Structure formats: structure tokens, C-alpha cells
Amino acid sequence: MKIYKYRDFSSPSEDDFGRLEDSVHRLLVWCARPDTLNDPQEFVWQCDYTPTPATPALLAGVLVKARGRTNTDAQGIAAAAIQNGRLEVIAKPVFDGMIEQCRNEIGLACFGATPDNPTLWRRYGGDGAGVCIEFDVPADLLGTQLHRVEYPKEKRLHVDQLLRAFVDRNEAQVVYDVALLSKPSSWADEEEIRFVSQRHSILTAIDRAQVPCVYLGDSLGADVRARIERITVQVRLAERGR
């Protein structure tokens, strides 16, 4: 399985060349904090606060875990909150805490599925003044370390899903899938694949990856191109999208 990291070298810094060398020779990728990515809707979703028969018990469980309430007190507060239309008021701070925890714990590296995606070249490859690094990775990493991003018409969860995820970490995957692995449909042209790390702001190796090829953008400056060629001397070079 092959995935592709696009990098902008239109006005490169020393860090840009260093990270290229890290990727090509050390097989390392930078895992960023999720809230530093380029989509302002990355951690925004709609929540359906319509209670179900399961909601009172789930909310009570959250009050016990988050606020140290006794079971009896939590059940009474939960029932009153739902009856008085205050479910969102009580639940939203809990969800905000989950988002902040996710931001603080998770790291993301973003890839494309092909080397000739014009949207990715424009947004992340310097509009041709950049490179596209090909990573050959084991197919069994898809669904574990690597995940395809979904592009639904809307990012929407029900309050029960969020409450359940807070009470039971084993149920949190559905929330993380919406928060980390989905973007608005306007981004669908990217066909993004994400590497998910348990830490952020670090360089991380993708398990058993190799870099067989680097694609050079057709608008690279001559000096920048020559330096990239020196860094990638042991790797096959190809022209953009060919």
C-alpha cells in the first residue's frame, strides 16, 4: 500500500529540508496537534440532544465519574436536568473536556492516496513548487495506525454516544472517528489518509515503512531542486504526477 506526503518548498526553511531528510532516510513523519491542522471545522460537530430512554442512566454515570456524585444524587440530577431541558447545559462542558483531552493526547500526520492529486499539490505541494514523498507501508496498518478520512454531509453525533464514550473508554472510538477521521464534504477531493499517534508534536516512524520514490514539483526553483536531489540521492526521483 502506498501513501503520499506532500510538502511545500516554495519558500523553504532549514526545517523543511531537515524534515525531508528525516522522512527519506529515517522514515519519520511529524505528528501535529489536531487543532493545528488547516480545517477550522476539524473539531466541530453537531450534537443531537434529544434524550432517549438510555440518556438518564448515561448522564448519571457521567456525573458520578466527572463530578464525584453519588449514584443516588447523580440519578436525581440527571432526571431533573432532562425534565427541565438542561441536558445540553450539563453535558456540553464534559464534551469540551473530551475534545481538549483528544487535542492534548493525539497526534496526526496527513497523507494522500495518489502522487498526482491536483488539490493536494495546490494546497500542500507549493502549487508545484514542492515534493510528494511516496511511502510504501504494509496494508495491515490500514485500520490500526492508518485510517481513511470520511467526508459525510454533516458531522453529527447523538448525546448518548458522547455520554457513553465518556463513561467507557472502549466506546470512545465512534467519537474519535467523527472528531479525527471525518471532514466536511468540501474536502473530499483530498482523499486523505491519516496516521494517528498517541502523542503529538513529535517525529514518529510508521511501522515497516519504506520510501521508494520522491516526486519533484515542476515549479521548483533550480537551487531548491538541486538541494532536494542531493538529499534524495539514494531514492528514485520522478517528475510531478508521472
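Go ahead and run the numbers for FRET between GLN83 and ASP35, Cβ-Cβ distance against an R0 of 45 Å, rounding to 0.05. With R0 = 45 Å, the Cβ-Cβ based efficiency is 0.80. Fully extending the segment from GLU14 to ASP96 would add 25.8 nm, taking 0.36 nm per residue of separation and subtracting the current Cα-Cα distance.
For helix 14-26, report the angle its Cα long axis makes with the longest principal axis of the Cα atoms of the chain; keep it between 0 and 90° and round to the nearest 10°. Helix 14-26 sits at roughly 90 degrees to that axis.
Note on GLU105/ALA222: beta-carbon distance plugged into 1/(1 + (r/R0)^6) with R0 of 45 Å gives a FRET efficiency of 0.55. The stretch between ALA113 and ASP73, if pulled fully straight at 0.36 nm per residue, gains 9.3 nm over its current Cα-Cα span.
Scaled against the 2.2 N^0.38 Å expected of a compact globular protein of N residues, the Cα radius of gyration of region 1-120 reads 1.63. Note on the chain: semi-axes of the ellipsoid equivalent to its C-alpha gyration tensor, largest first and rounded to whole Å, are 44, 16, 14.
Sorting GLU190, GLU105 by the number of Cβ atoms found within 10 Å of their own Cβ, with the fewest placed first, yields GLU105, GLU190. Annotation: extensible slack from VAL174 through LEU237 equals 18.7 nm (criterion: 0.36 nm per residue apart, minus Cα-Cα distance). In summary, the lysines within cross-link reach of LYS155, defined as a Cα separation below 19 angstrom excluding same-chain residues under 8 places away, comprise LYS92, LYS183. Legend: distances between Cα atoms for LYS5/LYS65; LYS2/LYS65; LYS5/LYS153; pairs beyond 31 Å are LYS5/LYS65; LYS2/LYS65.
Suppose only helical runs count, i.e. DSSP H with n ≥ 4. What mean residue ellipticity at 222 nm does that imply for the chain under -39500 (n - 2.57) per run, divided by all residues and rounded to the nearest 500 deg cm²/dmol? So the calculated ellipticity at 222 nm is -11500 deg cm²/dmol.
Quick note: the coordinates plus some simple rules give every number you see, no bench work behind them. Every value quoted in this text rests on a predicted model; they were computed, and no experiment measured them. Note that we place each Cβ from the backbone using ideal geometry, even for glycine, and neighbour counts take in every protein chain shown.
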